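See below for the structure under consideration.
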Amino acid sequence: MFTNYKFLPTNIEGLMLIEPFTVYDERGFMKKTFEKNIFLEKGIDFSPIEEIETTSKKGVLRGLHYQNNNSQAKLIRCSKGKILDVAVDLRKSSSTFGNHFSVMLSSENKRMLYIPRGFAHGCLSLEDDTTFYYLCDNKYSPEHDSGILWNDEDLAIDWGKVAINQIILSEKDKKLQTFQEFKTLHCDF
């Protein structure tokens, strides 16, 4: 049995939920997560140059990150466990500026999220030893790294049933700016 790629538009322009090409048989499955020509046919001009693998324990929240003046498009997938993945539209000229989209990505559902340039991204690990990947079209640049607080009141992201006292954040992520502070910046995505 096999399933072809499915590209599922979201309520935010450019943000795409993707079900990859997958072949199942008695041995297990084989999954093709990216093929440039198929993505181009669906209007996604994505040329990845680096991939980052992250493993987190349950309750680890990473984000909401973005790169100032050196933005990255990303293809996010989870190969073990599950994450709640969130993208926030930071494109000031967009009709969905400040809106967010969240989706469960897991080893079971095999879904991926394509996030174009101009978005903040965050994810919450919902199981121990969850492993996920970021396929990026631009290099990580520490000097351009920035972000918005995960629990910003203006964004009002529903992170699910994980209790606030169970959230594990890096020191950097505890000190990120608010969405109101971001809006005063002159970022051009």
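Every read-out reported here was derived from the displayed coordinates using simple, explicitly stated rules and does not represent laboratory data. Note that the structure is predicted; figures quoted are calculated from it, not measured. Reconstructed Cβ throughout: ideal geometry from the backbone, glycine too, with neighbour counts over all protein chains shown.
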Too long at a 23 Å Cα-Cα cut-off: which of Lys57/Lys161; Lys80/Lys161; Lys36/Lys110; Lys80/Lys174? Lys80/Lys174
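Take every Cα-Cα pair in the stretch 113-185 and report what % of them are more than 20 Å apart.
Working: 1069 of 2628 pairs.
Tail of P(r) above 20 Å: 41 percent of Cα pairs.
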Mind giving me the FRET efficiency for Lys36 and Lys58? R0 is 41 Å, r the Cβ-Cβ distance, nearest 0.05 is fine. 0.75
Label the stretch 16-93 by shape, choosing from rounded, prolate and oblate, from the square roots a ≥ b ≥ c of the eigenvalues of the Cα gyration tensor; if a/c is under 1.5 it is rounded, and otherwise prolate applies when a/b is larger than b/c, oblate when it is not. oblate
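Once fully extended, how much extra length lies between Glu127 and Phe29, figured as 0.36 nm per residue of separation less the alpha-carbon to alpha-carbon distance?
Details: separation 98, 0.36 × 98 = 35.28 nm, distance 2.23 nm.
Taking 0.36 nm per residue and subtracting the Cα distance, the gain is 33.1 nm.
For a protection proxy built on the mean count of beta-carbon atoms within 10 angstrom, sort 65-76, 144-155, 40-51 highest first, please.
65-76, 144-155, 40-51
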The answer for the net charge of residues other than Leu135 whose Cβ lies under 9 angstrom from its Cβ, with Lys and Arg +1 and Asp and Glu -1, is -1
Around Ser106, what is the net charge, scoring Lys/Arg as +1 and Asp/Glu as -1 over all other residues with Cβ under 11 Å from its Cβ? +2
Cα gyration tensor of the chain, axes a ≥ b ≥ c as square roots of the eigenvalues: rounded (a/c below 1.5), prolate (a/b > b/c) or oblate? oblate
Provide the gained length on full extension for the span Ser79 to Asn11, in nm with one decimal, where the gain is 0.36 nm per separating residue minus the Cα-Cα distance. 22.0 nm
Only Cα pairs under 8 Å and at least 6 apart count here; give the relative contact order of the chain as a rounded whole percent. 27 percent
